[in-house]
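Below you'll find the structure, written out as structure tokens, and then a few comments.
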Amino acid sequence: MRESLSILTDRVGGRALTMTAVATVALALSTPTASADAFSQCVAGKWSAAQRIGVTRANFDAATRNLRPDPTTLKLVNNQSEFVKPIWEYLDSAVSDKRVSDGRRKYREYQSTLQSVSQRFKVDPQVILAIWGMETSYGSYMGDHNAVRAAATLACSSGRREDFWTQQFVTAIKIAQDGHISINDMESSWGAAMGHTQFIPTSWQAYAADHDGDGKRDIWNSIPDAFASTANYLAKHGWNYGETWGYEVVVPRNFNHSLADGRKKRSLADWERYGIKRVNGRSWPRPSDQAYLYYPAGANGPAFLMLHNFDVIKRYNNADAYALGVGHLSDRIIGGGDFSQKWPRDERPLSRTQVREMQSLLTRRGFSTGGVDGQVGPMTRDAIRKYQQSAGSVPDGFASTRLLNELQRR
């Protein structure tokens with residue numbers, strides 16, 4: 001759950017681990033003796049945090065004996081696909097024809113369990129299944145790391161978010177101590193995201209649920225428990241049962257594209273008064289529902305009105321691309337079609353280095369981005385819109401190579 005699942009972003013501040021920090025750690029790990037000693041000392045220093053949550057000394061020592069950092073974790077920490085790929089390439093993989101067909105087959109196979117979990121937690125079954133598909137391709141790949149080792153590596157690497165990762169590390173030990181899974185079997189991603197639907201240890205602690213009745217909350221080996229844990233997480237974060245995540249919409253010509261800021265919510269009825277309609281021409285089931293207008297790839301690509309459940313999915317993984325993938329996959333699993341509008345595949349989003357250059361150029365021209373951090377957040381999108389308006393362009397706030405080239409020429 002990326003505050004819950006694989007963690008690339010800082011859930012408190014919304015910041016990604018910096019390349020400088022990763023490079024510093026990589027340099028430190030390149031001197032094996034010194035880095036091993038420093039790592040061992042750091043791990044040993046986590047005993048007090050483990051003791052506070054009830055880990056015994058014997059279990060702590062057993063879990064940390066001969067523990068070494070996981071170099072792959074550090075290599076992968078800044079390479080999560082939902083943050084670095086163009087959204088259409090991400091969705092090509094996330095909602096591939098195979099994943100859709102596999103999802104439909106799994107829906108039939110686990111229909112009884114999904115319905116039972118859905119009724120218990122009031123979360124729609126296709127969304128539970130879509131998260132399973134997105135996270136581990138329906139259990140076919142749950143990671144080749146160990147949660148204790150991965151969390152220890154992140155806690156004792158650069159010092160960034162050390163308290164957060166320390167909690168993941170000691171909680172993973174506590175999960176094993178309580179008998180839910182052995183440490184050796186605690187499969188995870190590089191970011192200590194565990195099991196069929198990828199919970200980090202503290203999210204497992206808060207939201208994991210037993211559904212097969214054996215008294216364990218086993219998200220590694222029990223598919224009912226994994227489904228129930230995911231549903232419980234979504235329910236606790238406010239899932240609206242029986243409602244969708246959003247609608248693909250058609251935006252009229254001469255529309256004020258600055259309204260697509262991804263933040264300002266209006267009722268669906270209000271959006272219709274601006275001329276926005278569903279792509280299939282159907283009416284809104286609940287015209288009073290609040291939604292914001294979102295252009296994942298700028299005004300030249302598909303447009304969506306995003307509802308409350310879209311934001312709930314983002315609590316699982318705080319990436320728009322991920323939430324769009326889950327929503328779209330869930331629709332496809334129950335018979336929905338592909339998006340109607342085409343992606344602007346000849347356009348390219350910016351790399352982080354290019355985003356920093358764009359932010360510098362915008363700031364130099366008087367359009368403050370709130371800092372030069374390589375992240376396209378709300379302030380950067382606002383700055384882009386203001387610049388686009390001043391240049392007589394469509395103010396869609398999309399950071400593209402075309403925009404950067406224009407800024408470089410001016």
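The conditions of being part of a helix (DSSP H, G or I), of a type outside the set (D, E, K, R) and out of contact with any Leu (no Cβ under 7 Å at 6 or more places or on another chain) are not met by Ser140.
Name the residue, out of Arg356, Arg345, Arg385, that is under 20 Å from Tyr294 (Cβ atoms) and part of a helix (DSSP H, G or I).
Just a single option satisfies the conditions, and that option is Arg385.
Within the range 187-201, identify whether any single residue is surrounded by 24 or more Cβ atoms within 10 Å (Cβ to Cβ), in a strand (DSSP E or B) and without any contact (Cβ under 8 Å) to a residue 60 or more places away in the chain, and answer yes or no. Within the range 187-201 (the criterion being surrounded by 24 or more Cβ atoms within 10 Å (Cβ to Cβ), in a strand (DSSP E or B) and without any contact (Cβ under 8 Å) to a residue 60 or more places away in the chain), the answer is yes, since at least one residue qualifies. Scanning the range 164-181 for residues that are more than 30 Å from Arg57 (Cα to Cα), under 18 Å from the mean Cα position of the chain (by Cα) and at pLDDT 95 or above turns up nothing.
From Tyr247, Tyr233, which residue is of a type in the set (Ser, Thr, Tyr), in contact with a strand residue (DSSP E or B) (Cβ under 9 Å, 6 or more places away or on another chain) and not in a strand (DSSP E or B)?
The unique qualifying residue is Tyr233.
When the range 220-250 is filtered for residues that are surrounded by fewer than 21 Cβ atoms within 10 Å (Cβ to Cβ), more than 30 Å from Trp204 (Cβ to Cβ) and among the aliphatic types (A, V, I, L, M), only Val250 remains. Taking the range 203-219, which residues are surrounded by fewer than 18 Cβ atoms within 10 Å (Cβ to Cβ) and either in a strand (DSSP E or B) or among the hydrophobic types (A, V, I, L, M, F, W, C) (or both)? Once the filter is applied, which keeps residues that are surrounded by fewer than 18 Cβ atoms within 10 Å (Cβ to Cβ) and either in a strand (DSSP E or B) or among the hydrophobic types (A, V, I, L, M, F, W, C) (or both), the range 203-219 yields only Ala206. Restricting attention to the range 329-342, the residues that are surrounded by 13 or more Cβ atoms within 10 Å (Cβ to Cβ), part of a loop (DSSP other than H, G, I, E, B) and small (Gly, Ala, Ser) add up to 1. Residues that are crowded, with 20+ Cβ neighbours inside 10 Å and within 17 Å of the chain's Cα centre (by Cα) within the range 85-107 comprise Ile87, Tyr90, Leu91, Ala94, Val95, listed in sequence order.
Out of all the residues in the range 160-180, which are assigned to a loop (DSSP other than H, G, I, E, B) and touching a residue at least 40 places away in the same chain (Cβ under 8 Å)?
Result: Arg160, Arg161.
For residues that are within 26 Å of the chain's Cα centre (by Cα) and charged (D, E, K, R), scanning just the range 256-296, find the one that is nearest to Glu243 (Cα to Cα). Of everything passing the filter in the range 256-296, Asp289 is nearest to Glu243 (Cα to Cα). Annotation: of all residues in the range 40-75 being assigned to a helix (DSSP H, G or I) and touching a strand residue (DSSP E or B) at 6+ places or on another chain (Cβ under 9 Å), the one that is surrounded by the fewest Cβ atoms within 10 Å (Cβ to Cβ) is Thr72. A Cβ distance below 9 Å, combined with a sequence gap of six or more or placement on separate chains, defines the contacts here; from the range 218-238, residues that are on the phi < 0 side of the Ramachandran plot and of a type in the set (D, E, K, R) reach residues that are part of a helix (DSSP H, G or I) and surrounded by 24 or more Cβ atoms within 10 Å (Cβ to Cβ) in the pairs Asp218/Asp225; Asp218/Ala226. Within the range 108-150, the residues that satisfy the criterion of being closer than 30 Å to Asn184 by Cβ, more than 19 Å from the chain's Cα centre (by Cα), among the hydroxyl-bearing types (Ser, Thr, Tyr) and surrounded by 15 or more Cβ atoms within 10 Å (Cβ to Cβ) are Tyr110, Thr113.
Per-residue answers, yes or no, for (1) among the charged types (D, E, K, R); (2) in contact with a strand residue (DSSP E or B) (Cβ under 9 Å, 6 or more places away or on another chain); (3) surrounded by 18 or more Cβ atoms within 10 Å (Cβ to Cβ); (4) not in a strand (DSSP E or B):
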position	(1), (2), (3), (4)
Gly262	no, yes, no, yes
Ala269	no, no, no, yes
Asn280	no, yes, no, yes
Trp284	no, yes, no, yes
Pro287	no, yes, no, yes
Leu293	no, yes, yes, no
Leu305	no, yes, yes, no
Phe310	no, yes, yes, yes
Lys314	yes, no, yes, yes
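This table checks each residue for (1) in contact (Cβ under 8 Å) with a residue 60 or more places away in the chain; (2) within 19 Å of Arg332 (Cβ to Cβ); (3) of a type in the set (A, V, I, L, M, F, W, C).
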{"residue": "Glu248", "(1), (2), (3)": "yes, yes, no"}
{"residue": "Lys264", "(1), (2), (3)": "no, no, no"}
{"residue": "Ser267", "(1), (2), (3)": "no, no, no"}
{"residue": "Glu272", "(1), (2), (3)": "no, no, no"}
{"residue": "Gln290", "(1), (2), (3)": "no, no, no"}
{"residue": "Ala299", "(1), (2), (3)": "yes, no, yes"}
{"residue": "Phe304", "(1), (2), (3)": "no, yes, yes"}
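State whether the residues of the range 370-382 include one that is without any contact (Cβ under 8 Å) to a residue 24 or more places away in the chain, assigned to a helix (DSSP H, G or I), in contact with a helix residue (DSSP H, G or I) (Cβ under 9 Å, 6 or more places away or on another chain) and not small (Gly, Ala, Ser). So far as the range 370-382 goes, no, none of its residues is without any contact (Cβ under 8 Å) to a residue 24 or more places away in the chain, assigned to a helix (DSSP H, G or I), in contact with a helix residue (DSSP H, G or I) (Cβ under 9 Å, 6 or more places away or on another chain) and not small (Gly, Ala, Ser).
The values are calculated or read from the model by the stated rules, or taken from the named source; none is laboratory data. Nothing here was measured: the structure is a model prediction, and the numbers come from that model. Cβ atoms come from the backbone with ideal geometry, glycine included; neighbour counts cover every protein chain shown.
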